[in-house]
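One structure is given here, and the rest of the page talks about it.
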Amino acid sequence: RMIHSPAFQFDNDIPWQDLGNGIQRQMFGYDDRVMLVKVKFEAGAVGAMHSHPHSQVTYVVSGVHEMTIDGEIKQLKAGDGFYVLPNVLHSSYCIEPGIFIDVFSPHREEFLK
């Protein structure tokens, strides 16, 4: 049986999960193969260095962020994006407050617990 989100997601109905350290997350559409997540960063927020077995593509909605992917560091702003291969170390540092739209494949099962 496939797990999945409702067909429609409305911003005002989706609670923000406080992840601490100036980072919050909203869960949007997902099934067992894909997941879309909105992530909000305060200035100075750090997404600690980590890796996961999922492919990740991210669109930068707003803000200015310093991303490190596999040791390479780039500054990204609204309209930019990045891709992270499975199991590759990556982290972020928020310079100006902003929002990411993250897409994971397969879905991040641990986000649903």
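The values are calculated or read from the model by the stated rules, or taken from the named source; none is laboratory data. Predicted, not measured: the structure shown is a model, and the values here were computed from it. Note that we place each Cβ from the backbone using ideal geometry, even for glycine, and neighbour counts take in every protein chain shown. Accessible surface areas use protein heavy atoms only, side chains included; no ligands, DNA or RNA. Shrake-Rupley method; radii C 1.70, N 1.55, O 1.52, S 1.80 Å.
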Problem set entry | Amide H within-cut-off set for Val64, under 5 Å, with H built and near neighbours excluded | Ile95, Glu96
Problem set entry | Other-chain or far-sequence residues with amide H under 5 Å of Ser55's (modelled H) | Ser105
For this session: Could you calculate the contour length gain from Glu66 to Ala48, that is, 0.36 nm times the residue separation minus the distance between their Cα atoms, to one decimal place in nm?
Result: 5.3 nm
Exercise. In terms of modelled amide H atoms, which long-range or inter-chain residues lie less than 5 Å from the amide H of Asp80?
Worked result: Val60
Exercise. Scaled to the compact-protein estimate 2.2 N^0.38 Å, what is the alpha-carbon radius of gyration of the stretch 39-93, rounded to two decimal places?
Worked result: 1.05
Problem set entry | Under Karplus coefficients 6.51, -1.76 and 1.60, residue-wise ³J(HN,Hα) of the stretch 11-18 in Hz, glycine/proline x | 3, 5, 8, 9, x, 7, 9, 7
For this session: Step through the residues of the stretch 25-34 one at a time and calculate ³J(HN,Hα) from phi using the Karplus curve (6.51 cos²θ - 1.76 cosθ + 1.60, θ = phi - 60°), rounding each to whole Hz and writing x for Gly and Pro.
Result: 9, 10, 8, 9, x, 7, 9, 6, 9, 8
Seminar exercise, completed: Once normalised by the length of the stretch 56-106, the mean sequence separation of its alpha carbon contacts under 8 Å that are 6 or more apart gives a contact order in percent of 51
Seminar exercise, completed: For His107, the accessible surface traced by a 1.4 Å probe with all protein chains present amounts, in square angstrom to the nearest 10, to 20
Problem set entry | J(HN,Hα) series, the stretch 63-77, from Karplus relation 6.51 cos²θ - 1.76 cosθ + 1.60, nearest Hz, glycine and proline x | x, 10, 9, 9, 9, 10, 10, 6, x, 9, 10, 9, 9, 10, 9
Seminar exercise, completed: Against the 2.2 N^0.38 Å rule of thumb, the C-alpha Rg of the stretch 12-113 sits at a ratio of 1.00
Exercise. If Lys and Arg each add +1 and Asp and Glu each add -1, what is the summed charge of the other residues whose beta carbon sits under 12 Å from the beta carbon of Cys94?
Worked result: -1
Seminar exercise, completed: With all protein chains in place and a 1.4 Å probe, Val46 shows an accessible area in Å² (nearest 10) of 80
